[in-house]
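Inspection log for the structure reproduced underneath, given as structure tokens.
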Amino acid sequence: MNQNTTAENSTATDLLEEDNPLTEGYNKPEKKTRNILFVLAALLLLLGILMAMQQNGVARIVSMAIYIGVAFVFFLLALLIKTKS
């Protein structure tokens, strides 16, 4: 009976520790943070362009440049997240 429980426990841990190439090198909080930063960058870019289109002349160019710059910062932050291993 002791051998059966050991085999069941090793099988359960093997399934939980399965290697996933998409998540390799990241733990869950870092992956979640990275995804959130990518989503924020996309939303800022989209909303920024929509808000800039309501402006006229030079104000449109300046506000679009600011929104693109801020979205680019969030995009770079998402790219810089790495594991500390």
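The values are calculated or read from the model by the stated rules, or taken from the named source; none is laboratory data. The structure presented is a predicted model; accordingly, all values stated were derived computationally and were not measured. Here the Cβ is made from the backbone with ideal geometry for all residues, glycine too, and neighbour counts use every protein chain on show. To get the accessible areas, we keep the full protein, side chains included, count just its heavy atoms, and leave off ligands, DNA and RNA. Shrake-Rupley method; radii C 1.70, N 1.55, O 1.52, S 1.80 Å.
Pull up region 40-66, narrow it to residues that are free of Cβ contacts under 8 Å to residues at least 12 places away in the same chain, more than 26 Å from Glu30 (Cβ to Cβ) and in contact with a helix residue (DSSP H, G or I) (Cβ under 9 Å, 6 or more places away or on another chain), then point me to the one that is surrounded by the fewest Cβ atoms within 10 Å (Cβ to Cβ).
My answer is Gln54.
Run Gly69 past the list (1) under 30 Å from Asn27 (Cα atoms); (2) surrounded by 13 or more Cβ atoms within 10 Å (Cβ to Cβ) and report the number of the one that doesn't hold.
So the condition that Gly69 fails would be (2).
Identify the single condition in (1) open to solvent by less than 80 Å² (accessible area, probe 1.4 Å); (2) at pLDDT 90 or above; (3) of a type in the set (Val, Ile, Thr); (4) within 20 Å of the chain's Cα centre (by Cα) that Thr23 does not satisfy, given that it satisfies every other one.
Only one criterion is unmet by Thr23, namely (2).
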